[in-house]
1. If a residue has to be without any contact (Cβ under 8 Å) to a residue 60 or more places away in the chain and of a type in the set (Asp, Glu) to count, how many in segment 62-84 make the cut?
2. List pairs: first in segment 39-61 and touching a residue at least 24 places away in the same chain (Cβ under 8 Å), second among the hydroxyl-bearing types (Ser, Thr, Tyr), Cβ under 7 Å, 6+ apart or cross-chain?
3. Of all residues in segment 35-65 being of a type in the set (Lys, Arg) and over 11 Å from the mean Cα position of the chain (by Cα), which is farthest from ASP22 (Cα to Cα)?
4. So, of the residues in segment 57-84 that are open to solvent by less than 100 Å² (accessible area, probe 1.4 Å) and in a loop (DSSP other than H, G, I, E, B), which turns out to be farthest from CYS27 (Cα to Cα)?
5. Could you run through segment 35-54 and say how many residues are part of a helix (DSSP H, G or I) and either hydroxyl-bearing (Ser, Thr, Tyr) or at pLDDT 95 or above (or both)?
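The values are calculated or read from the model by the stated rules, or taken from the named source; none is laboratory data. All values derive from a computational prediction rather than experimental measurement. We place every Cβ from the backbone using ideal geometry, glycine too, and count neighbours over all the protein chains shown. These accessible areas exclude ligands, DNA and RNA; they are computed on the full protein's heavy atoms, side chains included. Shrake-Rupley method; radii C 1.70, N 1.55, O 1.52, S 1.80 Å.
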Amino acid sequence: MKLQIFAVLTLFSLVISSCSEDSICDCIRASDELTSKYDELRTKKLTKKGQKEVKELIQTKKAKCKEFELMSGPEMMERKADCK
């Protein structure tokens, strides 16, 4: 579970910047939702419903963030600031 959280946070940091502001913001929101779900599940027992929600959030995030996977961290941080 810790490795998954680390992977999500790493990918999130890579996803924060992009060429298309709307799509990068969608990616950031999807990453935030997944991170929030992981945080919630750290204090609870993972149920079948929780597993399904996590899998769905992962798929959503992958779809929305695919084009930003190779973006540099500093550039992503700049783009993230434009999403607020």
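1. Going through segment 62-84 one residue at a time, the tally reaches 3.
2. Final answer for the pair search is LYS61/SER31.
3. The qualifying residue farthest from ASP22 (Cα to Cα) is LYS45.
4. Per the criteria, the residue is SER72.
5. Keep residues of segment 35-54 that are part of a helix (DSSP H, G or I), which gives 35-42, 48-54.
Keeping just the survivors that are either hydroxyl-bearing (Ser, Thr, Tyr) or at pLDDT 95 or above (or both) gives 35-36, 38.
Summing the residues that are part of a helix (DSSP H, G or I) and either hydroxyl-bearing (Ser, Thr, Tyr) or at pLDDT 95 or above (or both) in segment 35-54 gives 3.
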